[in-house]
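What follows is a single structure, written as structure tokens, with notes after it.
The values are calculated or read from the model by the stated rules, or taken from the named source; none is laboratory data. Predicted model, so just to flag it, every value in this text is computed and none were measured. Every residue, glycine among them, receives a Cβ derived from its backbone with ideal geometry; neighbour counts consider all protein chains shown. Protein only, heavy atoms only, side chains kept; ligands, DNA and RNA dropped before computing areas. Shrake-Rupley method; radii C 1.70, N 1.55, O 1.52, S 1.80 Å.
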Amino acid sequence: MKKIISSVFALFIIASCGREIVDSQMIDRFNYVNNSNVDINILSYHHGKKIKYDIFKDKTYSQQLDNNFGSIDDIIFYADSVKIVYGNSKYKTWKSTDENTRNIILRSNNYTKIAEKENYNEYQFVFTMQDASLTQPCNGNCN
């Protein structure tokens, strides 16, 4: 029995060697600012799961991600695709493969970094009136 306990303890020590223990948070905050003059709904699709986010005109919706321990399931820019609905009458769909400066899934290219501190970064994406004009009608199928 002592050999088994000693062996398990030795394996634990060996497996622990060389690993860095992370005990601090690395936070990224993402702000979605609605300057489009209409209410916006973001329908985010991630691995078949649909999540709806509402951003009222002249308001901001924010998401925070702990890069060390956080889940990416509900984070908009990790979606497979998003459907942006403007005023419940027009929409634009973005996929992760769409290369465009207005694609909110492509966070590294299309977000503005507005704050940087130790263990904290803050980014912003602003929806404009021009975004709403580059859409197509929902024809009753906005959701």
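Once the stretch 7-51 is narrowed to residues that are charged (D, E, K, R) and under 23 Å from K90 (Cβ atoms), the residue that is modelled with the lowest pLDDT is K50. The number of residues in the stretch 35-50 being among the hydrophobic types (A, V, I, L, M, F, W, C) and open to solvent by 30 Å² or more (accessible area, probe 1.4 Å) comes to 1.
The residues of the stretch 51-63 that are open to solvent by 20 Å² or more (accessible area, probe 1.4 Å) and aromatic (F, W, Y), listed by number, are F56, Y61.
Highlighted here are the strands (runs of 3 or more DSSP E) found entirely within the stretch 61-143 that include at least 1 residues which are in contact with a strand residue (DSSP E or B) (Cβ under 8 Å, 6 or more places away or on another chain), in contact (Cβ under 8 Å) with a residue 24 or more places away in the chain and not hydrophobic (A, V, I, L, M, F, W, C): 81-86, 90-95, 120-127.
Among the residues in the stretch 64-86, are any surrounded by fewer than 16 Cβ atoms within 10 Å (Cβ to Cβ) and in contact with a helix residue (DSSP H, G or I) (Cβ under 8 Å, 6 or more places away or on another chain)? Yes, the stretch 64-86 contains at least one residue that is surrounded by fewer than 16 Cβ atoms within 10 Å (Cβ to Cβ) and in contact with a helix residue (DSSP H, G or I) (Cβ under 8 Å, 6 or more places away or on another chain). Among the residues making up the stretch 90-123, those that are open to solvent by 60 Å² or more (accessible area, probe 1.4 Å) and either within 19 Å of K52 (Cα to Cα) or among the charged types (D, E, K, R) (or both) are K90, K92, K95, E99, R102, R107, K113, E116, K117, E118.
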